[in-house]
Amino acid sequence: MIKVKELKDDAIITIEVNKNFYLMTKAASFVILQSMNIPEKGDAYFKDIMSKEYNSLDEQQRAFYTIALLLAEIESQATKNKLYTEKEIAEPGEEGYIEPTLD
């Protein structure tokens, strides 16, 4: 028999996240999205995933669900603590538009 550590059922852990970790998490969500077979419905598909029971989702949907919850919490805390800066960026077709990269 081996010993393993497991969080207590009522455990709530606070972690600090910097911008680099946030961007890495967003990049991971894009990798998961690219591997998913997403129907043309778009937003409705994601709302459906987020409203289902975790155990009823397939592996890719579970991974997306988990990362989406993590990103939502990071963004919620950033908003609550006023850690966002706003900036204007050009949209595709506008003068000065630059294709986004993961850099």
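What about residue 14, is it polar (S, T, N, Q) and either over 15 Å from the mean Cα position of the chain (by Cα) or over 30 Å from residue 82 (Cα atoms) (or both)?
On the way: polar (S, T, N, Q): yes; either over 15 Å from the mean Cα position of the chain (by Cα) or over 30 Å from residue 82 (Cα atoms) (or both): yes.
Yes: the conditions hold for residue 14.
Can you find a residue that is more than 20 Å from residue 29 (Cβ to Cβ) and either surrounded by 10 or more Cβ atoms within 10 Å (Cβ to Cβ) or not aliphatic (A, V, I, L, M) (or both) anywhere in the range 64-78?
Initially, the range 64-78 is screened for residues more than 20 Å from residue 29 (Cβ to Cβ), giving none.
Among the residues of the range 64-78, not one is more than 20 Å from residue 29 (Cβ to Cβ) and either surrounded by 10 or more Cβ atoms within 10 Å (Cβ to Cβ) or not aliphatic (A, V, I, L, M) (or both), which makes the answer no.
If I go through the range 31-41 residue by residue, how many of them are part of a helix (DSSP H, G or I) and in contact (Cβ under 8 Å) with a residue 24 or more places away in the chain? Spell out the reasoning first.
Start the filter on the range 31-41 by keeping residues that are part of a helix (DSSP H, G or I), which leaves 31-35.
With the extra rule that they be in contact (Cβ under 8 Å) with a residue 24 or more places away in the chain, the set shrinks to 32-33, 35.
Counting residues in the range 31-41 that are part of a helix (DSSP H, G or I) and in contact (Cβ under 8 Å) with a residue 24 or more places away in the chain gives 3.
Return the only residue of 63, 44, 72, 90 being free of Cβ contacts under 8 Å to residues at least 40 places away in the same chain and touching a Phe, Trp or Tyr at 6+ places or on another chain (Cβ under 9 Å).
On the way: 63 fails: touching a Phe, Trp or Tyr at 6+ places or on another chain (Cβ under 9 Å); 44 fails: touching a Phe, Trp or Tyr at 6+ places or on another chain (Cβ under 9 Å); 72 fails: touching a Phe, Trp or Tyr at 6+ places or on another chain (Cβ under 9 Å).
Unique residue meeting the criteria: 90.
Keeping to the range 57-103, report how many residues are acidic (Asp, Glu) and closer than 30 Å to residue 37 by Cβ.
Taking the range 57-103 and keeping what is acidic (Asp, Glu), we get 58-59, 73, 75, 86, 88, 91, 94-95, 99, 103.
Now restrict to residues that are closer than 30 Å to residue 37 by Cβ: 58-59, 73, 75, 91, 99, 103.
Number of matching residues: 7.
Considering only residues of the range 20-54 that are modelled with pLDDT under 95, polar (S, T, N, Q) and loosely packed, with under 15 Cβ neighbours inside 10 Å, which is nearest to residue 101 (Cα to Cα)?
34
When only residues in the range 79-89 that are part of a loop (DSSP other than H, G, I, E, B) and of a type in the set (Lys, Arg) count, which is surrounded by the most Cβ atoms within 10 Å (Cβ to Cβ)?
Filtering the range 79-89 for residues that are part of a loop (DSSP other than H, G, I, E, B) and of a type in the set (Lys, Arg), the one surrounded by the most Cβ atoms within 10 Å (Cβ to Cβ) comes out as 82.
What single numbered condition from (1) free of Cβ contacts under 8 Å to residues at least 12 places away in the same chain; (2) β-branched (Val, Ile, Thr); (3) surrounded by 14 or more Cβ atoms within 10 Å (Cβ to Cβ); (4) in a loop (DSSP other than H, G, I, E, B) fails to hold for residue 17?
(1)
Look at residue 57 and say whether it is surrounded by 10 or more Cβ atoms within 10 Å (Cβ to Cβ) and either more than 19 Å from residue 16 (Cβ to Cβ) or touching a Leu at 6+ places or on another chain (Cβ under 8 Å) (or both).
Yes.
The values are calculated or read from the model by the stated rules, or taken from the named source; none is laboratory data. These numbers were taken from a predicted model, which means no experiment stands behind them. Here Cβ is always computed from backbone atoms with ideal geometry, including for glycine, and neighbour counts include all displayed protein chains.
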